[in-house]
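A.B. asks: Here it is, the structure in full.
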Amino acid sequence: MKNKVSIIGAGFVGTMTAQKIVEKNLADVVLVDIIEGVPQGKALDISQSSSLEEFDAKITGTNDFSETEDSDIVVVTAGFPRTPGMTREELGLKNGNVVKSVTEKIRACAPECIIIIVTNPLDVMTHLAWKVSGFQDSRVVGMGGVLDTARYKYFLAEELNVSVKDIEALVLGSHGDTMIPVDSYTTLKGIPVSQFIKKENLNAIIERTKTGGAEIVKLFKSGSAWHGPSSSIVVMIEAILRDSKRVLPASAYLNGAYGIDGTHIGVPVKLGASGVEEIYEINLSDEELAALRFSADITKETFDKLRIL
Ligand SMILES: NC(=O)c1ccc[n+]([C@@H]2O[C@H](COP(=O)([O-])OP(=O)(O)OC[C@H]3O[C@@H](n4cnc5c(N)ncnc54)[C@H](O)[C@@H]3O)[C@@H](O)[C@H]2O)c1
């Protein structure tokens, strides 16, 4: 039987994700948006490329949420990007109401699915969706760390003038300015990159990674990235649908690990058919652990200030 993935929000990120899923023949896709005609038009356009791109997966666009019924995975990209001058709380409030109403519909239409949250502020929205859905911890996960790590790897490979495939790295914490690119797990073919890069250059790369999204927003003037984000979402979808047990950084519910309780935050997880199948509690330096806890505290504080529930 074919897998089914629904994507809520037919904007830049949602549409590119849908396109990549069908082009890889990973699953049939339902693209949902509130704007009439937009998801239908985008689905039709992508469908018309099927003979050229050689895919058989079906994509449909709709404004009717009931078409997400029986989805294996529902990806939430619905919401608004941060605009200049907007605080994290203001964005959280605006998108929080969208994520709340979308999650209520997911709970009703696709109660067995795994939810991947993409809407920002990522960790806060993931926690909100988890609460509203009432789903087990393993079935609600946020996409942030895969993208942050991909950006970090790209900058490192450029600096070292090596293939990005030979870089291994891990970015933990919130998908935002408190993210933590972990030095000790950043290697070139298993050799710590500190042996190849001067400390000040590595620090500059870490800073660039932290503002990786903002750098693109600044170039665009309006709107945010979608190529890197959609590829990151597809990596997570593939791990779940193929039950490949990939170890990836993702926003997961912590219940004591790292001394953090009651929030979602980016940590290394095992992703398989059941969603988040394991959370790895890796060794961190005192400084890294403090940074992760700080990041979790900020996420909790932002969630509490929303008062949406
Ligand atoms: N987690 C990440 O790494 C990451 C990366 C990129 C973007 N994002 C976030 O993803 C979100 C989407 O980004 P984008 O560039 O695609 O934005 P976009 O504005 O292009 O698309 C958002 C879409 O959501 C739709 N929408 C709004 N309310 C809806 C609802 N209730 N139901 C269904 N659809 C609804 C809008 O009509 C719009 O088409 C933003 O919050 C952005 O900040 C996160």
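A.B. asks: Working only within segment 263-282, note down all residues that are of a type in the set (S, T, N, Q) and open to solvent by less than 20 Å² (accessible area, probe 1.4 Å).
C.D. replies: The one that is of a type in the set (S, T, N, Q) and open to solvent by less than 20 Å² (accessible area, probe 1.4 Å): 263.
A.B. asks: Sticking with this one: Using the structure shown, decide if residue 204 is surrounded by 14 or more Cβ atoms within 10 Å (Cβ to Cβ), in contact with a Gly (Cβ under 9 Å, 6 or more places away or on another chain) and within 16 Å of residue 151 (Cβ to Cβ).
C.D. replies: When the stated conditions are applied, residue 204 does not pass them.
A.B. asks: May I ask you to list the residues in segment 49-75 that are under 17 Å from the mean Cα position of the chain (by Cα) and either within 15 Å of the ligand (Cβ to nearest atom) or within 22 Å of residue 178 (Cβ to Cβ) (or both)?
C.D. replies: Those that are under 17 Å from the mean Cα position of the chain (by Cα) and either within 15 Å of the ligand (Cβ to nearest atom) or within 22 Å of residue 178 (Cβ to Cβ) (or both): 74, 75.
A.B. asks: Hey, does segment 175-195 have a residue that's open to solvent by less than 10 Å² (accessible area, probe 1.4 Å), closer than 28 Å to residue 114 by Cβ and small (Gly, Ala, Ser)?
C.D. replies: The answer is no; no qualifying residue exists.
A.B. asks: Here is a follow-up. Is it the case, given these coordinates, that residue 78 is more than 11 Å from the ligand (Cβ to nearest atom), under 19 Å from residue 116 (Cβ atoms), assigned to a loop (DSSP other than H, G, I, E, B) and open to solvent by less than 60 Å² (accessible area, probe 1.4 Å)?
C.D. replies: No, not satisfied.
A.B. asks: Find the helices (runs of 4 or more DSSP H) located wholly in segment 1-62 whose residues include 1 or more that are within 19 Å of residue 98 (Cβ to Cβ), open to solvent by less than 20 Å² (accessible area, probe 1.4 Å) and polar (S, T, N, Q), and list them.
C.D. replies: 12-23
A.B. asks: Between 124, 141, 171, which is within 15 Å of the chain's Cα centre (by Cα), open to solvent by less than 10 Å² (accessible area, probe 1.4 Å), in contact (Cβ under 8 Å) with a residue 24 or more places away in the chain and more than 23 Å from residue 306 (Cβ to Cβ)?
C.D. replies: 171
A.B. asks: Examine segment 81-89 for a residue that is farther than 19 Å from residue 237 by Cα, among the aliphatic types (A, V, I, L, M), free of Cβ contacts under 8 Å to residues at least 12 places away in the same chain and surrounded by fewer than 17 Cβ atoms within 10 Å (Cβ to Cβ), and state whether such a residue exists. Steps first, answer last, please.
C.D. replies: Start the filter on segment 81-89 by keeping residues that are farther than 19 Å from residue 237 by Cα, which leaves 81-89.
Subsequent filtering for residues that are among the aliphatic types (A, V, I, L, M) retains 86.
Remaining after also requiring free of Cβ contacts under 8 Å to residues at least 12 places away in the same chain: 86.
From what is left, the residues that are surrounded by fewer than 17 Cβ atoms within 10 Å (Cβ to Cβ) are 86.
Scanning segment 81-89, I find at least one residue that is farther than 19 Å from residue 237 by Cα, among the aliphatic types (A, V, I, L, M), free of Cβ contacts under 8 Å to residues at least 12 places away in the same chain and surrounded by fewer than 17 Cβ atoms within 10 Å (Cβ to Cβ), so the answer is yes.
A.B. asks: Still on this structure, I have one more. Can you tell me which residues in segment 219-239 are more than 16 Å from the ligand (Cβ to nearest atom) and either in contact with a strand residue (DSSP E or B) (Cβ under 6 Å, 6 or more places away or on another chain) or more than 19 Å from residue 7 (Cα to Cα) (or both)?
C.D. replies: 239
A.B. asks: Looking at 128, 93, which one is in contact with a helix residue (DSSP H, G or I) (Cβ under 8 Å, 6 or more places away or on another chain) and modelled with pLDDT under 95?
C.D. replies: None of the others qualify; the one that does is 93.
The values are calculated or read from the model by the stated rules, or taken from the named source; none is laboratory data. Please read all numbers here as calculations on a predicted model, not as lab measurements. Because the Cβ atoms are built from the backbone with ideal geometry, glycine has one as well, and the counts that use them run over all protein chains shown. SASA here: full protein model, heavy atoms, side chains in, ligands and nucleic acids out. Shrake-Rupley method; radii C 1.70, N 1.55, O 1.52, S 1.80 Å.
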